[in-house]
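Just so it is clear, none of the values below were taken in a lab; they were calculated from the coordinates. What you see is a predicted model, and the numbers here were worked out from it, not measured in a lab. All Cβ positions, even for glycine, are placed from backbone atoms using ideal geometry, and neighbour counts span all protein chains on display.
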């Protein structure tokens, strides 16, 4: 199995972020819609498995199937672009501005919510025979999740809000790790294994993922759970989004970018060495080992490994 060293991995991350910031609104919305739809179908699957078997670990073990499929298709989640987009801005890639980054985040949020809400409606119909019967055991379990993760936090006041935020941070630490690990190999099996591990961890630990919650909470409301839309927004979705942003940036994007070098800076240094007599050989060797940056993101072609 091929393995991409950290320095080249950072280059791939920046390339991917720059590429995503240049995507059209149509492509961004479609990819975000489908990404959330696949992820939330997997969430419904995992809750079904956990409820029917009484084994939450089994549900967590199987949940990453949705994450793997969506990233192999090149779709997007808000949690992923929270990590990749800022790196393109920091690396000063052409067209990668703060405005472009916020535009991308906004479009991905809208697309993700659309895909997750569609699955919420479809699964609510599925769990109630078209709203003609009481929710099934799985539907009741989803409703209880919505109640416990809104009113349950509110019952603890400021401590509950802090806990919610920290769970959002921890979640995207793991999810963004999965996003980055999807680029650590060019072998499909290796990609799947690498992505699977952190996603299984986050789901079993009950961390808060903003896109999964876009499915769980609307589903709970449609199935008659005892909380309100404002409970959902204030005591889950908004703090979770902020926590996801902090977790992806603080614990994944920035540490890798800072410690393994800045791709643009490495490219400039390599160019200077190549221009100095006697250094051409070392510069060429560095390029062969992958420690200097590629220039894929400076073209209109999609990077080989886009998460």
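Seen from every direction in turn and averaged, the convex hull around the alpha carbons of the chain projects onto 16.4 nm².
For the Cα atoms of the chain, what angle does the longest principal axis make with the long axis of helix 263-275, in degrees from 0 to 90, nearest 10? Tilt relative to the chain: about 10 degrees.
Axis of helix 98-128 versus longest Cα principal axis of the chain: the two differ by about 30°, to the nearest ten degrees. Axis of helix 210-222 versus longest Cα principal axis of the chain: the two differ by about 20°, to the nearest ten degrees.
Order these by the 10 Å Cβ neighbour count, fewest first: 177, 259, 163. Intermediate results must be reported in sequence, preceding the final value.
Values: 177 23, 259 10, 163 15.
In increasing order of surrounding Cβ atoms, one gets 259, 163, 177.
Comparing the range 188-227 with the 2.2 N^0.38 Å rule of thumb, its C-alpha radius of gyration ratio is 1.59 (two decimals). Result for the chain in a Gaussian network model with C-alpha springs under 10 Å: among 208, 134, 144, the largest mean-square fluctuation is at 134. Counting neighbouring beta carbons within 10 Å and listing from fewest to most, the residues 2, 136, 50 come out as 2, 136, 50. The relative contact order of the range 21-64, computed from alpha carbon pairs under 8 Å that lie at least 6 residues apart in sequence, is 29 percent.
Take 12, 103, 262 and order them by how many other Cβ atoms sit within 10 Å, fewest up front.
Lowest count first: 103, 262, 12.
Give me the one-decimal Kirkwood hydrodynamic radius in Å for the range 26-135, with the sum taken over alpha-carbon pairs. Walk me through the numbers on the way to the answer.
Numbers: mean 1/r = 0.0652 Å⁻¹.
It is 15.3 Å.
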